[in-house]
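The values are calculated or read from the model by the stated rules, or taken from the named source; none is laboratory data. The structure displayed is predicted, hence computed values, not measured ones. In this analysis, Cβ positions are derived from the backbone assuming ideal geometry, glycine residues included, and neighbour counts consider all displayed protein chains.
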Amino acid sequence: MRITRVYTKTGDQGQTRLVGGQQVPKDHVRIASYGTTDELNAILGIVRWQNRGSGAAADAVARIDEMLHRIQNDLFNVGSDLATRPGDRWPGMIRITEADVERLEGWIDTLNEDVGPLKEFILPGGGPVGAFLHQARTVCRRAEREVVALLREEPETGVMPMKYLNRLSDYLFVLGRWAAKQLGEPEYLWERPKG
């Protein structure tokens, strides 16, 4: 792929084009769904940058970075799929599969073994990596809701992007806990009101 020009001027009228060339308004639910997926990907880039500068053990930093690098690539595939109407998909187009969801589930199970059960809800914060992972989790949930809205309008889109985002938000929660433990960031717990 070669991109030679960044601006097209079609957006000046509030319109944009999908991968198949169809023009739609910029606030179309399909645009919102892949736009939020892109926002999530950008936040994960911040997490990776914060992680690399955390000063934690090299193996923990590398493990977090490796997983998030893979997820960023997956999110690009999710976004591409969401930017393409089903009738405009092409043979060999890279799309999220059940195997990608299962990879997330395997990571969740492995990381969860290290952090132990929760006794209370976790408040976002504690350190930069954990805080940005919590932000990523909430943006992921928003992306998932927008894909649900898209599926209501265009069910032929297929459920794999929604399924992946659903599992990814669970993963980001668990990774936030695991990363806090590995990087020495505190976890703040919700304090149940007294009386």
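Restricting to segment 106-128, what's the tally of residues that are small (Gly, Ala, Ser) and more than 16 Å from residue 187 (Cα to Cα)?
Of segment 106-128, the ones small (Gly, Ala, Ser) are 106, 116, 125-127.
After this cut, where a residue has to be more than 16 Å from residue 187 (Cα to Cα) as well, the list is 106.
The qualifying residues number 1.
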- Among the residues of segment 156-170, which ones are under 16 Å from residue 77 (Cα atoms), in contact (Cβ under 8 Å) with a residue 40 or more places away in the chain, in a helix (DSSP H, G or I) and not hydroxyl-bearing (Ser, Thr, Tyr)? 160, 161, 163, 165, 167, 168
- Which numbered condition trips up residue 71, out of (1) farther than 21 Å from residue 158 by Cα; (2) surrounded by 12 or more Cβ atoms within 10 Å (Cβ to Cβ); (3) touching a residue at least 40 places away in the same chain (Cβ under 8 Å); (4) not basic (Lys, Arg)? (1)
- Message: Pairs please, first residue from segment 76-105 and free of Cβ contacts under 8 Å to residues at least 24 places away in the same chain and crowded, with 16+ Cβ neighbours inside 10 Å, second anywhere and charged (D, E, K, R) and not in a helix (DSSP H, G or I), Cβ atoms under 9 Å, 6+ apart in sequence or on different chains.
- Response: 77/95
- Within segment 107-138, considering residues that are of a type outside the set (Asp, Glu) and surrounded by fewer than 11 Cβ atoms within 10 Å (Cβ to Cβ), the one farthest from residue 71 (Cα to Cα): 119
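Pick out the one residue from 37, 16, 10 that is modelled with pLDDT of 80 or more and β-branched (Val, Ile, Thr). Quick ask: steps written out before the conclusion?
Numbers: 16 fails: modelled with pLDDT of 80 or more; 10 fails: modelled with pLDDT of 80 or more.
Result: 37 is the single residue among 37, 16, 10 that is modelled with pLDDT of 80 or more and β-branched (Val, Ile, Thr).
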- Query: What do you reckon, is residue 54 within 27 Å of residue 185 (Cα to Cα), crowded, with 17+ Cβ neighbours inside 10 Å and more than 12 Å from the chain's Cα centre (by Cα)?
  - Reply: yes
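Has segment 60-73 got at least one residue that is basic (Lys, Arg), modelled with pLDDT of 90 or more and either in a helix (DSSP H, G or I) or within 27 Å of residue 179 (Cβ to Cβ) (or both)?
Quick first cut of segment 60-73, residues basic (Lys, Arg) only: 63, 70.
The next check asks that each one be modelled with pLDDT of 90 or more; those that pass are 63, 70.
Now restrict to residues that are either in a helix (DSSP H, G or I) or within 27 Å of residue 179 (Cβ to Cβ) (or both): 63, 70.
Yes, segment 60-73 has at least one match.
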